[in-house]
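A.B. asks: Quick one: the structure is below, questions incoming.
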Amino acid sequence: MDVLIVGAGVAGLTLAGKLLQQGRSVVLVEQAEAFDEAGYSLGIYPLGSGVLHGLGAYEELLERGEVAKTYSVVDAHGDLLQDVDLSSFTGEIGPMVLITRTDLVAILLRAAEGADLRMGTTVTAIDHSDAQRVTATFSDGSSGDFDVLVACDGLRSRTRELVFGEEPDAFDTGWLLWAWWAPMPHWDRAVNLESWGTGRFFGFYPTTDRVMCCVGMPVESFSAASQDLVVAKAFLRDEFASFIASDDRVGTAIDDAERFFEWPMTDARAQEWVKGRVVLCGDSAVGFMPTAGAGANTAMHCAGSLADELSKVNGDIVPLGLKLYEKRCRAIVEKNQKDSRKLSRYIFVDGRAKAWGRDRVMKHYPMAKMIDDIVDAMHTPF
C-alpha cells in the first residue's frame, strides 16, 4: 500500500510512524521549509500518550516533558476559584505531560524515520476520479499515484478544499490569544495557572526549561495594541494591572517576552471525512481550540486508529478501511470538540454580570464536570 500524507504535524507524523511499523510505503510532504522552533506548549493526556507507547516513544515524552500535577484557576485579582489535582482525571491511566510542540514533533520525527519526507513541498492538484488510485501533483512539478491520500494539513486544510470543495463548520469565540515563552526559573513546574477575568484571560503552562504564557481578550480589545514590543508590553501591563498586583511574576513574564504569537480562538469541523481514497485526519477533520487541551491528543489517537484500520485492508479495498476509521472516530472526536467549545464559554466571558456568576459557580462546580467528555474519551476505545 502506497500512502501519501499531506502535512508533517502531530497527526501526520504519528500516522507515518504507525504505518511504517506495518511496512507501508509512506510519502510525507510538508509545506514549511523547516520545523518551527517556537511552537506552543501542549498537554498530553493518556488519550494521546497511549499512541506513543505503541511507537516506543513514551519514555522520551517523560524525559522531554514535565508532568503536570496541579491546575489552578484564579480571578482577575488573583483570588483562587479552583485548585485541581490533575491525577484525579488521569491518575489511574497515566499522567498529563506538558511538552513543547517542537519537542513532541522531534519525538514523532524519530518515529517516522524511513518515510519519504519532503519539506517545502505541498500538493497543488488531486485527481481522485480513478476508483483504484489517487494522483497528486506537487508544488515542485512532480506527481505520483497512491492507494490513499491522507490530509493532515491543519485547520485551514488546502487538501480538504481541493477534494471536498466545502467550507467547514466554523466556531469563533471572537477572542484572540497572544502567546510567548518566558524563562521563569522559579515557577513550580508542576503547576498550571489561569486567570479568568472579565474580558481578560492569562495562562501559564510550564515545560521543563521555560513557561508558555498566554493572554486573551476579545479581538477588538487588541485594537489599541501594537506588535512593537515596548508598546505591547505597556499595553499588557495596563490591561492586567490587578493580576500583576497580586503576583509580581505576572509582570516579569510580560517583561521577558521577546515576541508575541497571535492565536485566534476559532475551530472548524469538516462536513465529510472521506471521499473515495482521500481521508481527513487531525485538525483537517476536526480542529480544536486549546481550551480543553484535546487537539494534539485527539489528532494522535485518530492517526493511530486510522493506521489500525488500514492494517486490516490491502490497496484494493482502502475505501472500506477509511469508512471504518470514520465510523470508529468521528462521533467521539466531535463530542470532544463540543466539550472544548463548552469550556471556552466559561473562560472567554465579556460581561461583568456573567463573569461574576461564572466565578461563583467555579468555587463550587468541579472542573471534572466541565471536561467530562474528554475524561470519558480516555476510558473509551476508539
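The values are calculated or read from the model by the stated rules, or taken from the named source; none is laboratory data. The structure presented is a predicted model; accordingly, all values stated were derived computationally and were not measured. Here the Cβ is made from the backbone with ideal geometry for all residues, glycine too, and neighbour counts use every protein chain on show.
A.B. asks: Give me a count of the residues in region 342-355 that are within 13 Å of R200 (Cα to Cα) and of a type in the set (A, V, I, L, M, F, W, C).
C.D. replies: Within region 342-355, residues that are within 13 Å of R200 (Cα to Cα) and of a type in the set (A, V, I, L, M, F, W, C) number 4.
A.B. asks: For region 283-325, which residues satisfy the criterion of being surrounded by fewer than 24 Cβ atoms within 10 Å (Cβ to Cβ), outside any helix (DSSP H, G or I) and of a type in the set (V, I, T)?
C.D. replies: Hit for region 283-325 is V313, nothing else.
Results for (1) under 30 Å from V134 (Cα atoms); (2) in contact with a helix residue (DSSP H, G or I) (Cβ under 6 Å, 6 or more places away or on another chain), shown as yes or no for each residue.
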| site | (1), (2) |
| --- | --- |
| V10 | yes, yes |
| T14 | yes, yes |
| R24 | yes, no |
| L28 | yes, yes |
| A34 | yes, no |
| G43 | no, no |
| L47 | no, yes |
| E60 | no, yes |
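A.B. asks: Within region 35-62, work out how many residues are assigned to a loop (DSSP other than H, G, I, E, B), modelled with pLDDT of 95 or more and surrounded by fewer than 16 Cβ atoms within 10 Å (Cβ to Cβ). So that I can check it myself, show each step before the final result.
C.D. replies: We begin by selecting, within region 35-62, every residue assigned to a loop (DSSP other than H, G, I, E, B); these are 35-40, 45, 56-57.
With modelled with pLDDT of 95 or more added as a condition, the list becomes 56-57.
Filter again for surrounded by fewer than 16 Cβ atoms within 10 Å (Cβ to Cβ), leaving 56.
Summing the residues that are assigned to a loop (DSSP other than H, G, I, E, B), modelled with pLDDT of 95 or more and surrounded by fewer than 16 Cβ atoms within 10 Å (Cβ to Cβ) in region 35-62 gives 1.
A.B. asks: If you go through region 317-347 one residue at a time, how many are of a type in the set (D, E, K, R), over 15 Å from the mean Cα position of the chain (by Cα) and at pLDDT below 95?
C.D. replies: Of all residues in region 317-347, those of a type in the set (D, E, K, R) come to 323, 326-328, 330, 334-335, 338-339, 341-342, 345.
Adding the requirement that they be over 15 Å from the mean Cα position of the chain (by Cα) leaves 323, 326-328, 330, 335, 342, 345.
Those still in the list that are at pLDDT below 95 too: 335, 342, 345.
Here the count works out to 3.
A.B. asks: Now for a different question. In region 63-84, how many residues are without any contact (Cβ under 8 Å) to a residue 60 or more places away in the chain and buried (at least 16 other Cβ atoms within 10 Å of the Cβ)? Walk me through how you get there before you give the answer.
C.D. replies: Of the residues in region 63-84, the ones without any contact (Cβ under 8 Å) to a residue 60 or more places away in the chain are 63, 80, 83.
If we keep only those that are buried (at least 16 other Cβ atoms within 10 Å of the Cβ) too, we end up with none.
Counting residues in region 63-84 that are without any contact (Cβ under 8 Å) to a residue 60 or more places away in the chain and buried (at least 16 other Cβ atoms within 10 Å of the Cβ) gives 0.
A.B. asks: Checking the structure you have, find out if any residue of region 144-153 is buried (at least 18 other Cβ atoms within 10 Å of the Cβ), out of contact with any Lys or Arg (no Cβ under 7 Å at 6 or more places or on another chain) and outside any strand (DSSP E or B). Please lay out each step first, then the result.
C.D. replies: Taking region 144-153 as the starting set, the residues that turn out to be buried (at least 18 other Cβ atoms within 10 Å of the Cβ) are 146-153.
Those left that are additionally out of contact with any Lys or Arg (no Cβ under 7 Å at 6 or more places or on another chain): 150, 152-153.
From what's left, outside any strand (DSSP E or B): 152-153.
Yes, because at least one residue in region 144-153 is buried (at least 18 other Cβ atoms within 10 Å of the Cβ), out of contact with any Lys or Arg (no Cβ under 7 Å at 6 or more places or on another chain) and outside any strand (DSSP E or B).
A.B. asks: Test of understanding: among T173, T266, T208, which residue is touching a strand residue (DSSP E or B) at 6+ places or on another chain (Cβ under 6 Å), crowded, with 19+ Cβ neighbours inside 10 Å and of a type outside the set (A, V, I, L, M, F, W, C)?
C.D. replies: Working: T266 fails: crowded, with 19+ Cβ neighbours inside 10 Å; T208 fails: crowded, with 19+ Cβ neighbours inside 10 Å.
Within the list T173, T266, T208, the selection yields T173.
Quick grid of which residues meet (1) assigned to a helix (DSSP H, G or I); (2) of a type in the set (D, E, K, R); (3) under 23 Å from L28 (Cα atoms):
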| residue | (1), (2), (3) |
| --- | --- |
| V67 | no, no, no |
| V73 | no, no, no |
| A76 | no, no, no |
| D83 | no, yes, no |
| E92 | no, yes, no |
| V97 | no, no, no |
| L104 | yes, no, yes |
| L109 | yes, no, yes |
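A.B. asks: Can I ask one more? Give the residue, chosen from F243, F222, that is at pLDDT below 95 and aromatic (F, W, Y). I'd like the intermediate steps shown before the answer.
C.D. replies: Values: F243 fails: at pLDDT below 95.
Sole residue among the options that is at pLDDT below 95 and aromatic (F, W, Y): F222.
A.B. asks: From the list L4, L81, L15, L86, pick out the single residue that is modelled with pLDDT of 95 or more and more than 16 Å from the chain's Cα centre (by Cα).
C.D. replies: L4
A.B. asks: Please determine whether any residue of region 35-55 is hydroxyl-bearing (S, T, Y) and over 21 Å from the mean Cα position of the chain (by Cα).
C.D. replies: Let us first name the residues in region 35-55 that are hydroxyl-bearing (S, T, Y), namely 40-41, 45, 49.
Retained after the next criterion (residues that are over 21 Å from the mean Cα position of the chain (by Cα)): none.
Within region 35-55, not a single residue is hydroxyl-bearing (S, T, Y) and over 21 Å from the mean Cα position of the chain (by Cα).
A.B. asks: Quickly run through region 3-27 and pick out the residues that are of a type outside the set (G, A, S) and over 19 Å from T124 (Cα atoms). Spell out how you get there, then give the answer.
C.D. replies: Filtering region 3-27 for residues of a type outside the set (G, A, S) gives 3-6, 10, 13-15, 18-22, 24, 26-27.
Of everything in region 3-27, those that are of a type outside the set (G, A, S) and over 19 Å from T124 (Cα atoms) turn out to be V10, L13, T14, L15, K18, L19, L20, Q21, Q22, R24.
A.B. asks: What is the one condition in (1) farther than 24 Å from D83 by Cα; (2) in contact with a Ser or Thr (Cβ under 9 Å, 6 or more places away or on another chain) that Y205 does not satisfy?
C.D. replies: Against the list (1) farther than 24 Å from D83 by Cα; (2) in contact with a Ser or Thr (Cβ under 9 Å, 6 or more places away or on another chain), Y205 comes up short only on (1).
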